[in-house]
Structure formats: C-alpha cells, structure tokens
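*Asks:* Questions regarding the structure given below will be posed in turn.
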Amino acid sequence: MIKSQDYIEYLPVKECNKCQASLLDSEPVKYIERQVFEPGRPGEFEVTAHRAEVKICTCGCRNQAEFPEGVTAAAQYGSATQAMAVYLNQYHFLPFKRVSEYFNTLYKMSVSAGTVANFVARTYENLASTEEVIRDALRESSVAGADETGMRAEGSLHWLHVMRDEQWTLYYLSEKRGREAMDTMGILLTFAGVLVHDHWKSYFAYAATHVLCNAHHLRELLGVVDRDSNQLALRLMKLLRLSWHYCKGFKTIGMLQMPSVVCERIEKIYDRLLQRALMKEVVYMEKQREELKRKKVKNTKAYNLFKRLTEFKAETLRFMSDFTIPFDNNGSERDVRMAKLKQKISGCFRSADGGSMFARIRSYLSSARKQGMDIYQSLHRAVRNYCNMPLLSAE
C-alpha cells in the first residue's frame, strides 16, 4: 500500500446489521482501507483507495461497510489492468514476461509474469458458463464447420478441434484427433444440421448432413494438373468455380437455390468429366502394371481423388441445392489460423491446462467478435464476472 492516493471512495455504514438502527449520525471508530491500482496516463498509474467505515451501534454490534465486489485485498490490481493483461496475452499473443514489461515500461507498474498468468487463469474460470452457452448454440446451429490442427502441449502432439458458424466459435484441446476427442467436445453427438469439413473420416461417424470443402478439392485438382498436366482435372476445377459463381449470382437476386435446369446440366458435365478422368487413370495404371509385370499396382493420387469426387458427389455439390451452405470450409480454417499464429509465437503450451485456458478464452473472444462486440470491453466483463454468469446469449 502507498500513502498518496489519486481517488478516495468512502463506504458508509447506514444502519446496524443486528437491530437495523440508523447509524448515519454515528462517528466511525475507524476506517479499513483497500487500494486498487490501475493504469493512468503514460508513465503513471492511478490508485483508488476504498475506505470502509467501522461503527459501533448502541446495541454493541460492530458494523463494517461492504467493499465493492472484487475488492478483496489490501492492495490489488483493478479490473482494467486485468482485462488489459489478458487482452495482450490471449488476443495479441504477447508472452507473460512481455506483458509484464509492457506495464512496467508504460505505467511504472510492477505486474509480474506470474500475476499475468493468474489473471488469465481467473478469466478462464469466469468463462465456464459462457463456454456452455457457446456449446449449446452450436448444437442447434443449422450450418456449422469443423476442423482440427496439431498443437504442441506438454512436449507432445495435441489436437485443437474447432466447431464454428457465423456467430459462434468453440475450441477444444485434446490429446486425440479422432472420434474420442469429438465426442468429448460435446457437440457432434447431438448435432443434426449441416456439417462442413475436409473429409476427415471421423466426421462421417455422426448423423449430420455432410458437406465437403471444395477449397480442398480445388487444391488437390491443381496438384493433379501440375503433376500430370491433366486437362480433365483442369476442367473440373473450372466447373466447380463456375458453379459457385452461378450460386453467388442467383443468391444476389434473392433465390435460395440454383434452378433445377442449371443444376442438372452441371451435374451431367460433372459426371461425364469424372467418368473420363477415371477411365484415363485406369488405362494408365493397367499400362504401368504390364510394364512392371505385376499383378497389381498402387492407385494413383489422381485416381483416388476422382473416385472420391464420384462417390461423394452429393456432399461435394450440395452447395447448389441450398445457398445457406458454403462452397468451402474456409471459415473454420480462418478460425484455426489464430491458433497456428499462437503456436508460431510461443512454440507450444507448457501444460495442457494452459492450452485449455487458451481454447476457452479464444472461444469467447472469437464469438464476441463475430457478434460485433468490442474485444476489450468483452474481456473487461469477463474479469469482473465473479459469479460466473453467461456473458453471451444464444437468443
């Protein structure tokens, strides 16, 4: 505690807690002071002293004024300091030590790296109920995307799973990549909407309407073109892009799906191109088998791709029948990108707990941003959420 304060707030005792007699005219026997430190102008910090009156009633009861919620120590950092520290660490990915240097350099505040870590842990705890709101909202989403990416934690490979739509994002860190982790995440088991993903096999275990990411298909087709100069793959690329261009055009004039005549024409061309492409690869593999004098040769990458596009035609072209369905899963990849940036800066999470804290806080920040909320103000609400109330609404 310091002797000079910038602001003083007196907290009066108005009545006796025991007999309810008025104590407004009684003199305090003492004051109990608690100081809150916050950033001020550059190069300075501000101190607010909360002074609670202590009065003795005629009935003998000792009465002390209540301090504001969150003011619990004789000297502590305020909610603005905590929100700023969590903002710099979780949103801009500054390490704990760099955040500590920031406060010391700009405001002459000795906020240690350990204190910043405590701010993050407390914010994580305050967002438990908000995470459940996000999870519930995504279960009811009509169209959601899913993706996963590798993250290092505790010296081993973990997986960061993401479920998202246009309003909500949920991150979940697990040691597993497949169905075990997806079940524990707690969304896909009861999800009944449209699920957009990149053909990871585990997703097909769930009773959702599946849609495959055409951005992945375009990249794979481009690989076939570059590797084999395959003109049929090039034509498939052009067909998919043209189909999406048509969808966007029809959508701008208020239509909800592509006209059946156009849709049928595109599907016929799609089928014919894939039939020719598969036949070409079969002929090539048969020629290779004869030259190598083997009973069987390994399927080419192009053959596997064309076969997959044939077998999953409905999942590939579903965007034409409903314009609320996206052409690709780029939204999920954009949400994952921030986690990859975090890993590039930090290298890894030292503990799985640190990864879980990152996942929950980023879920809240990403959802808040999608809903047009101010990020800093959202964090300020989170650090003051002492009762762990939901800070986002699914309505």
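The values are calculated or read from the model by the stated rules, or taken from the named source; none is laboratory data. The structure presented is a predicted model; accordingly, all values stated were derived computationally and were not measured. Here the Cβ is made from the backbone with ideal geometry for all residues, glycine too, and neighbour counts use every protein chain on show. The accessibility values were calculated without ligands, DNA or RNA, using every heavy atom of the protein model including side chains. Shrake-Rupley method; radii C 1.70, N 1.55, O 1.52, S 1.80 Å.
*Asks:* Here are the criteria: (1) closer than 15 Å to GLN90 by Cα; (2) open to solvent by 20 Å² or more (accessible area, probe 1.4 Å). Tell me which single one PRO390 does not satisfy.
*Replies:* Looking at each condition in turn, PRO390 falls short on (1).
*Asks:* In addition: I need the full set of residues from the range 159-184 which are surrounded by fewer than 22 Cβ atoms within 10 Å (Cβ to Cβ) and assigned to a strand (DSSP E or B), in order please.
*Replies:* The one that is surrounded by fewer than 22 Cβ atoms within 10 Å (Cβ to Cβ) and assigned to a strand (DSSP E or B): TRP159.
*Asks:* Also, I was wondering about something else. Of all residues in the range 25-58, how many are open to solvent by 60 Å² or more (accessible area, probe 1.4 Å), over 47 Å from the mean Cα position of the chain (by Cα) and not basic (Lys, Arg)?
*Replies:* Going through the range 25-58 one residue at a time, the tally reaches 5.
*Asks:* Return yes or no: is ILE134 in contact (Cβ under 8 Å) with a residue 12 or more places away in the chain and over 21 Å from ALA339 (Cβ atoms)?
*Replies:* No: the conditions fail for ILE134.
*Asks:* I've got another one for you. Would you kindly identify the helices (runs of 4 or more DSSP H) lying entirely within the range 36-126 that contain at least 3 residues that are free of Cβ contacts under 8 Å to residues at least 40 places away in the same chain and closer than 24 Å to ARG350 by Cα?
*Replies:* Passing ranges, in order: 96-107, 113-126.
*Asks:* Please tell me if SER363 is of a type in the set (Ser, Thr, Tyr) and crowded, with 21+ Cβ neighbours inside 10 Å.
*Replies:* Criteria met by SER363.
*Asks:* Would you point out which residue out of SER156, SER174 is polar (S, T, N, Q), free of Cβ contacts under 8 Å to residues at least 60 places away in the same chain and touching a helix residue (DSSP H, G or I) at 6+ places or on another chain (Cβ under 8 Å)?
*Replies:* SER174
*Asks:* Can you name the number of the only condition in (1) open to solvent by less than 20 Å² (accessible area, probe 1.4 Å); (2) more than 36 Å from the chain's Cα centre (by Cα); (3) closer than 29 Å to GLU148 by Cα; (4) not hydrophobic (A, V, I, L, M, F, W, C) that THR300 fails?
*Replies:* Unmet condition: (1).
*Asks:* Let me ask you something else. So, GLU281, is that one open to solvent by 50 Å² or more (accessible area, probe 1.4 Å) and at negative phi or not?
*Replies:* No: the conditions fail for GLU281.
*Asks:* Any idea which of (1) outside any helix (DSSP H, G or I); (2) at pLDDT below 95 is the one PHE191 doesn't satisfy?
*Replies:* (2)
Here's the yes/no breakdown for (1) open to solvent by 50 Å² or more (accessible area, probe 1.4 Å); (2) under 19 Å from the mean Cα position of the chain (by Cα):
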site: PHE250; (1), (2): no, no
site: SER260; (1), (2): yes, no
site: ARG294; (1), (2): yes, no
site: ARG308; (1), (2): yes, no
site: ASN329; (1), (2): no, yes
site: GLY354; (1), (2): no, yes
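*Asks:* A follow-up question, please. Tally up the residues in the range 288-336 that are over 24 Å from ALA208 (Cβ atoms), in a helix (DSSP H, G or I) and either modelled with pLDDT under 95 or of a type in the set (D, E, K, R) (or both), please.
*Replies:* 6
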